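The values are calculated or read from the model by the stated rules, or taken from the named source; none is laboratory data. A quick note: this is a predicted structure, and the numbers were derived from the prediction, not measured. Here the Cβ positions follow ideal geometry from the backbone for every residue, glycine too, while neighbour counts run over all protein chains shown.
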Amino acid sequence: MTPVDDNGSGGTSERIVAEGLRLFVERGFRGTTIGDIEEAAGLTRRAGALYNHFRSKEAVLEAAFDRHVRELEAMHSAIEMMPLGDLRAELTLLGRWGLHMLRQERNLRRIVITEGDRFPALKERYRVAVVDRSYAEALTFLRRKIEEGELPALDPEALAALMAGALLGYQLELDVFDRAILGVDEERFLKTFVEAGMALAGQGPEENDDG
């Protein structure tokens, strides 16, 4: 859902969306009032300023979802313009892009988990536009690499679930417990993520130039 009136600037509306989403996560949707959002966004509390931009609290939440989908679209377009032709570089890009987007959608994901039963339509849109699309993109990449002979003829759907699931599991550990799994920082995780893919391709680990 788009804002009621944004005057093309996006500044106030973006603050409302960002602060609204933060408060929904911290206090729950029911526990967050219009006045709370207005105050957090630097507006006069209960003066009706939010309604100049959004029709309701639900519209603020929908706008947060729409914003994330736009970010996904922009990132997807950028990646499509970078045909690297190098499996190691492509796996690195895939891993970094996946973790970046998982971090970006952290608050929205929490809302879907905690409030999904209250907003089934939004939960379904999230599944289709975010979750299913991510798996579909991983599947498309893997099928192409299998067809080109860069990866062995494994089950591409299962492989996509394995690789995307690894990224999600790593980020969820940070979300829930604010720690990296087994103390493995992001660079270590990504390096091994890439090397596991290269091992599937029958290529050894990248050599260390430090000798």
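Below, the figures for the structure above:
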quantity	calculated
Condition met for E150 (at negative phi, at pLDDT below 90 and not aliphatic (A, V, I, L, M))	no
Qualifying residue in segment 163-175 (condition: surrounded by fewer than 17 Cβ atoms within 10 Å (Cβ to Cβ), farther than 13 Å from L102 by Cβ and in the same structural domain as H100 (by TED's automatic domain parsing))	no
Residue pairs meeting the criteria (Cβ under 6 Å; at least 6 apart or on separate chains; first among the basic types (K, R), in segment 183-203; second assigned to a helix (DSSP H, G or I))	none
Filter result for Y170 (in contact with a helix residue (DSSP H, G or I) (Cβ under 6 Å, 6 or more places away or on another chain) and in contact (Cβ under 8 Å) with a residue 40 or more places away in the chain)	yes
Those residues of segment 101-116 which are touching a helix residue (DSSP H, G or I) at 6+ places or on another chain (Cβ under 8 Å) and free of Cβ contacts under 8 Å to residues at least 24 places away in the same chain, in sequence order	V112, G116
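Yes or no, residue by residue, for (1) in contact with a helix residue (DSSP H, G or I) (Cβ under 8 Å, 6 or more places away or on another chain); (2) at pLDDT 95 or above; (3) assigned by TED's automatic domain parsing to the domain that holds G95; (4) on the phi < 0 side of the Ramachandran plot:
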site: P3; (1), (2), (3), (4): yes, no, no, yes
site: R22; (1), (2), (3), (4): yes, no, no, yes
site: E26; (1), (2), (3), (4): no, no, no, yes
site: F29; (1), (2), (3), (4): yes, no, no, yes
site: I37; (1), (2), (3), (4): yes, yes, no, yes
site: R45; (1), (2), (3), (4): yes, no, no, yes
site: G48; (1), (2), (3), (4): no, no, no, no
site: K57; (1), (2), (3), (4): yes, no, no, yes
site: H76; (1), (2), (3), (4): yes, no, no, yes
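Table: residues versus (1) among the aliphatic types (A, V, I, L, M); (2) within 14 Å of the chain's Cα centre (by Cα).
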{"site": "R106", "(1), (2)": "no, yes"}
{"site": "V128", "(1), (2)": "yes, yes"}
{"site": "V131", "(1), (2)": "yes, yes"}
{"site": "E137", "(1), (2)": "no, yes"}
{"site": "L142", "(1), (2)": "yes, no"}
{"site": "G149", "(1), (2)": "no, no"}
{"site": "A153", "(1), (2)": "yes, no"}
{"site": "D178", "(1), (2)": "no, no"}
{"site": "T192", "(1), (2)": "no, no"}
